């Protein structure tokens, strides 16, 4: 039996809390897994930023990437590592780079998802170049914003077609507000989307591989309170088991369709219908200052999925294959039947059965180890370090205690 090391790289930006917890829990597990004829051990290292030769070997088997959606030189290193060195990366860098909200809306509309009615409008301002003005003079057509408002019906939301982090998002209730929002949108290409208001429930479903977590979400709350503390929305009666299955299947369909190992999907329930409204978030918030009571789940889910992929030498799907989904979309049956068909493809692509068997056989100690770790001073230090990076000094104690107490609530629920 050969001894082999699987090396996991963490490609990080401003991340502080979850990498510390990931590293510490993995060290405490001290795994040596019998996989086939090999004994597999794991090493974790943070990926540095430096010049690189395109033919230079890469020492990692797997990289969890939290940086390259906005940091270009590291993005090109990630692409090179996939193409030249067969590295498995969360997430597919070409998909993250190209699949903005416009693409994801269109693709999921084609699959029959009830995405709210959405229009794209040209930018108010344009980059200056010799060709822009002749192009606009010849081909740009005048349009009335009021006609768009009348077609969609107020309220609407205006937001960048490729945005994130709530930048440039406006809720609009009338023609004057629509005009003002457009006039101040600058060079953004904007979507105008029908607002599904009033709604009775807003959720975010985080997906990591085949694992999902449905969380009640309050977009109007301060950032640290947007993820609501309910641990299980089925147990509390906020959603039914059937609704939970629909939300999970929607999330897994989207993530597997675009080749995303981790992503979060926003859905709104209005009049009994779940509308996916924002689901191109392939670097979802993973910080304790946002997730608090749900933070341990995302750390443990990252551990499970990364260890499974690294230990089993899972091959990355470099190219996206959408035809199986389109075949289901064009076949017979209503949307629920088709969604079940999409989810079946998703489970095949995520190796769900094999993943669950791997976790049962090799990661049985993870829950107990994590339960203990999240009560340690080192875990509390990780929380405080993230708080210190985001909050003014006079609030450090208050928010450290808030997020720490929520993690202890998670521990109590898990222990029970």
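The values are calculated or read from the model by the stated rules, or taken from the named source; none is laboratory data. For clarity, every value in this text was computed on a predicted model and none was experimentally measured. Please note: Cβ atoms are built from the backbone with ideal geometry, for glycine as well, and neighbour counts cover all protein chains shown.
Would you be able to say whether some residue in region 293-302 is surrounded by fewer than 16 Cβ atoms within 10 Å (Cβ to Cβ) and modelled with pLDDT of 95 or more? No, region 293-302 contains no residue that is surrounded by fewer than 16 Cβ atoms within 10 Å (Cβ to Cβ) and modelled with pLDDT of 95 or more.
The single condition among (1) more than 12 Å from residue 299 (Cβ to Cβ); (2) touching a strand residue (DSSP E or B) at 6+ places or on another chain (Cβ under 6 Å); (3) surrounded by 19 or more Cβ atoms within 10 Å (Cβ to Cβ) that residue 16 does not satisfy is (2). No other residue among 380, 349 is under 24 Å from residue 7 (Cα atoms) and surrounded by 13 or more Cβ atoms within 10 Å (Cβ to Cβ) apart from 349.
Among the residues of region 196-244, those identified as surrounded by 19 or more Cβ atoms within 10 Å (Cβ to Cβ), more than 27 Å from residue 90 (Cα to Cα) and either within 18 Å of the chain's Cα centre (by Cα) or at pLDDT 95 or above (or both) are 233, 239, 243. Pick out the one residue from 33, 67, 54 that is at pLDDT 95 or above and either in contact with a helix residue (DSSP H, G or I) (Cβ under 7 Å, 6 or more places away or on another chain) or under 29 Å from residue 291 (Cα atoms) (or both). None of the others qualify; the one that does is 33. Scanning region 35-69 for residues that are touching a strand residue (DSSP E or B) at 6+ places or on another chain (Cβ under 9 Å), over 30 Å from residue 378 (Cα atoms) and loosely packed, with under 13 Cβ neighbours inside 10 Å yields a single hit, 37. Taken over region 168-208, the residue count meeting the criterion of being within 16 Å of residue 124 (Cβ to Cβ) and in a strand (DSSP E or B) is 5. On the stretch given as region 1-54, residues that are farther than 17 Å from residue 310 by Cα and not in a helix (DSSP H, G or I) total 13. Among residues of region 121-137 that are in the same structural domain as residue 149 (by TED's automatic domain parsing), those with a Cβ under 6 angstrom from a residue that is at pLDDT below 90 and assigned to a helix (DSSP H, G or I), sequence gap 6+ or separate chain, pair up as 126/132.
Here residue 313 does not fit the description of being free of Cβ contacts under 8 Å to residues at least 40 places away in the same chain and either in contact with a strand residue (DSSP E or B) (Cβ under 9 Å, 6 or more places away or on another chain) or not in a helix (DSSP H, G or I) (or both). Suppose the filter is outside the structural domain of residue 259 (by TED's automatic domain parsing), over 17 Å from residue 304 (Cα atoms) and not in a helix (DSSP H, G or I); does residue 331 pass it? Judged against the criteria, residue 331 is not a match. Number of residues in region 171-190 that are within 22 Å of the chain's Cα centre (by Cα) and at pLDDT 95 or above: the value is 0.
If I go through region 168-179 residue by residue, how many of them are touching a strand residue (DSSP E or B) at 6+ places or on another chain (Cβ under 9 Å) and loosely packed, with under 15 Cβ neighbours inside 10 Å? Qualifying residue count, region 168-179: 1. Candidates are the residues of region 147-165 that are touching a residue at least 24 places away in the same chain (Cβ under 8 Å) and part of a loop (DSSP other than H, G, I, E, B); the one that is surrounded by the fewest Cβ atoms within 10 Å (Cβ to Cβ) is 153. Close Cβ contacts (under 8 Å, 6 or more residues apart or on different chains) running from residues in region 28-43 that are more than 16 Å from residue 313 (Cβ to Cβ) to residues that are assigned to a strand (DSSP E or B) comprise 32/39; 32/40; 32/41. Considering only region 70-111, how many residues are part of a loop (DSSP other than H, G, I, E, B), under 20 Å from the mean Cα position of the chain (by Cα) and surrounded by fewer than 19 Cβ atoms within 10 Å (Cβ to Cβ)? Qualifying residue count, region 70-111: 3.
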